[in-house]
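Have a look at the structure below, then the notes.
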Amino acid sequence: MKSKYLPAPEVEKLLKKAATTRVLVVGDVMLDQFIWGHVSRISPEAPVPVVDFERENYMPGGAANVARNLADLGVSSDLFAVIGNDDAGEKLKSLLKQQQIGCSGLIGSGQRATSIKTRIVAHQQQVVRLDRETKKELDQNLSNRLLAVIRKQLSQADAVIVGDYGKGIVTQYLLDELKTSCSQKGIWLSLDPKPVHKLDLRGLSLMTPNRKEAFELAQMEDHIRDANPLKDKQLTAVADKLLNELQPALLLITLGDQGMLLCQRNEKPFHIPTVAQEVFDVSGAGDTVIATFTFAVAAGASPLEAAVFSNHAAGVVVGKVGTATVHPTELLKSFE
């Protein structure tokens with residue numbers, strides 16, 4: 001789909017800047033395990049499907065999937081987190097190294113287990129998900145060790161993305177220190193918020209909540225969804241409240257099949273309709289949005305151009321099954 005705000009030749013120029021752009025990713029990382037099979041009968045033991053195993057595969061998840069989205073665009077990406085001293089942690093590092101994602105910022109700890117999310121999928125549909133994880137908040141000693149390795153690489157970074165999935169790595173202390181360090185160096189700082197995790201989110205460069213998260217952050221009820229987001233008085237009231245109270249430079253609210261709403265203080269919100277042709281799986285789409293938007297801004301795109309860029313990227317990944325990423329050729333094809 002052609003875009004008057006970001007023509008295909010400009011997309012090509014932007015993608016060429018990936019090789020000279022560096023983004024650090026900080027937050028909760030996990031190992032995504034997918035078990036694929038087919039269902040031909042119901043269990044005689046309980047009213048549940050019996051899945052006949054076909055294959056399994058592993059992918060980096062959480063903040064690691066944000067880094068994977070960057071790497072697949074050709075962006076230099078380094079990951080910073082605390083993982084367990086366990087087989088899942090080694091498997092995760094092996095996968096990340098294969099995808100040329102910097103792992104020197106992954107700190108192993110005997111106090112934590114590496115998060116594993118196991119999804120059983122049959123006939124392209126997720127049957128069940130099993131989570132094995134540590135949710136305990138990171139103590140200050142481990143937070144300081146993590147911050148020390150981040151600060152060593154911060155001066156060579158164009159942007160930082162915080163991936164908070166409520167697993168304990170992103171504490172208020174860690175976030176405050178990151179905000180201070182990024183502000184001092186003039187480095188862009190993005191975060192995809194999780195309202196269940198109560199944090200002071202004031203002063204970020206970019207926030208990317210979905211509609212549900214935006215309403216929860218604003219502590220407002222979502223009663224009626226208007227077909228036109230720009231005429232949705234509840235949604236625009238939520239955006240105004242978040243902009244005024246949390247003071248992000250940019251607020252990008254993702255709206256699923258309605259696309260995105262780009263909001264800035266003292267400016268009218270801008271609606272970007274979805275370009276998705278088919279939707280098979282939305283898992284990981286938020287990771288794609290924050291990764292591609294942050295890269296685009298770091299590479300010199302305007303906020304509107306970055307929003308259009310990330311909207312096309314999300315439109316590609318929701319058409320795939322599993323935790324997916326978008327490749328430069330796919331993105332260019334989407335614009336052409």
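The values are calculated or read from the model by the stated rules, or taken from the named source; none is laboratory data. Just so it is clear, the model here is predicted, and its values are computed rather than measured. As a convention, Cβ positions derive from the backbone with ideal geometry for all residues, glycine included, and neighbour counts pool all protein chains shown.
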Do we have LYS179 as of a type in the set (D, E, K, R) and surrounded by 20 or more Cβ atoms within 10 Å (Cβ to Cβ) here?
yes
Can you name the condition, by its number, that THR180 falls short on among (1) at pLDDT below 95; (2) more than 17 Å from SER104 (Cα to Cα); (3) more than 19 Å from the chain's Cα centre (by Cα); (4) among the hydroxyl-bearing types (Ser, Thr, Tyr)?
(1)
Out of all the residues in segment 131-175, which are touching a residue at least 60 places away in the same chain (Cβ under 8 Å), assigned to a loop (DSSP other than H, G, I, E, B), within 30 Å of ARG119 (Cα to Cα) and of a type outside the set (Lys, Arg)?
GLU133, ASP164, TYR165, GLY166, GLY168, ILE169, VAL170
Assuming CYS103 fulfils every condition listed in (1) touching a Lys or Arg at 6+ places or on another chain (Cβ under 7 Å); (2) of a type outside the set (Asp, Glu); (3) within 30 Å of PRO49 (Cα to Cα) apart from one, which condition is it?
(3)
So, first residue within 16 Å of LEU206 (Cβ to Cβ) and among the β-branched types (Val, Ile, Thr) in segment 176-192, second residue modelled with pLDDT of 95 or more and surrounded by 23 or more Cβ atoms within 10 Å (Cβ to Cβ), Cβ within less than 7 Å, six or more apart or across chains; the pairs are ILE187/ALA159; ILE187/VAL160
Pick from segment 82-110, criterion within 26 Å of ALA314 (Cα to Cα) and in contact with a helix residue (DSSP H, G or I) (Cβ under 7 Å, 6 or more places away or on another chain), ranking: surrounded by the fewest Cβ atoms within 10 Å (Cβ to Cβ):
GLN100
Evaluate the following for LEU206: is it hydrophobic (A, V, I, L, M, F, W, C), surrounded by 13 or more Cβ atoms within 10 Å (Cβ to Cβ), touching a residue at least 60 places away in the same chain (Cβ under 8 Å) and closer than 14 Å to LEU246 by Cβ?
yes
